[in-house]
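Since the structure comes first, as structure tokens, the remarks are kept for the end.
The values are calculated or read from the model by the stated rules, or taken from the named source; none is laboratory data. These numbers come from a predicted model, not from an experiment. Ideal geometry is used to build each Cβ from the backbone, glycine not excepted, and the neighbour counts take in all protein chains shown.
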Amino acid sequence: MMRTRTIRRGFTLVEAISTMVILSVLGVVTSRLIFTASDVYLTSAARSEVSSVASASLERIVAELRQVPVRSSSSPAAPDLTSITPSSVAWNAGGAGAKAITLSGNDLNLTEGGTTARLASNVTAFSVAAFDQSGAALAANLSGSALDAVRTIEVSVTLSRSGLTETLRTRVFLRSMQQGATP
């Protein structure tokens, strides 16, 4: 009696299920790696944007404050500031008219001759402090002749976006008040 061999074609059910389980485990691991990498990228992109906006707005503030002129009617020389509060600074800019940097809601604004330009949005904190020639802090609110002693202004800007917060701080030396500066 002759036996006939049957030729096996296809896969058994156990082989097919084992292959599906292995492929699904590989898919889960790979997708977690991809999602983690994309989350890291999005977080670093958001952090970079917040840092860039904070840095650009602070650079603009520094450039503006360095150009505060000397009050022409003062002797000895005094900066032509009109007011400093914990959240704003205002000055006369000669031919350009009055200028001010203020926090309005969540927007940091530069007002120049009646025109307001937004320097940054989503600002959670903006602070201004004034210092005299020896580096001693002056009163929080300054106006009138109390502004004559100002030589340095410290500015701090805090921005928040997408759960990320960035704070930058700097001191600005008023160029017009530095020794040897010409009015």
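A few comments on the model shown:
- Test for Thr124: is it more than 22 Å from Ser160 (Cα to Cα), among the polar types (S, T, N, Q) and either in contact with a Phe, Trp or Tyr (Cβ under 6 Å, 6 or more places away or on another chain) or at pLDDT 90 or above (or both): no
- Among residues of segment 148-159, those that are surrounded by 16 or more Cβ atoms within 10 Å (Cβ to Cβ) and either closer than 30 Å to Asn106 by Cβ or out of contact with any strand residue (DSSP E or B) (no Cβ under 9 Å at 6 or more places or on another chain) (or both), counted: 7
- In the condition set (1) under 30 Å from Val123 (Cβ atoms); (2) of a type outside the set (Gly, Ala, Ser); (3) free of Cβ contacts under 8 Å to residues at least 24 places away in the same chain, Pro86 is compliant with all but (3).
- Subset of segment 71-93 [at pLDDT below 85, surrounded by 13 or more Cβ atoms within 10 Å (Cβ to Cβ) and of a type outside the set (Ser, Thr, Tyr)]: Arg71, Ala77, Ala78, Ala93
- Matching residues in segment 57-83 - criterion: being more than 19 Å from Ala149 (Cβ to Cβ) and without any contact (Cβ under 8 Å) to a residue 12 or more places away in the chain: Glu59, Ala63
- Hey, Arg32 loosely packed, with under 11 Cβ neighbours inside 10 Å and not in a helix (DSSP H, G or I) or not: no
- Members of segment 123-147 found to be surrounded by fewer than 16 Cβ atoms within 10 Å (Cβ to Cβ) and outside any strand (DSSP E or B), listed by number: Asp132, Gln133, Ser134, Gly135, Ala136, Ala139, Ala140, Asn141, Gly144, Ser145, Ala146
- Candidates in segment 97-120 are the residues that are of a type in the set (Gly, Ala, Ser) and surrounded by fewer than 14 Cβ atoms within 10 Å (Cβ to Cβ); of these, the one that is nearest to Arg71 (Cα to Cα) is Gly97.
- Glu154 being in contact (Cβ under 8 Å) with a residue 60 or more places away in the chain, assigned to a strand (DSSP E or B) and touching a Lys or Arg at 6+ places or on another chain (Cβ under 8 Å): no
- Residue, farthest from the chain's Cα centre (by Cα), within segment 40-90, restricted to residues that are part of a strand (DSSP E or B) and of a type in the set (Val, Ile, Thr): Val70
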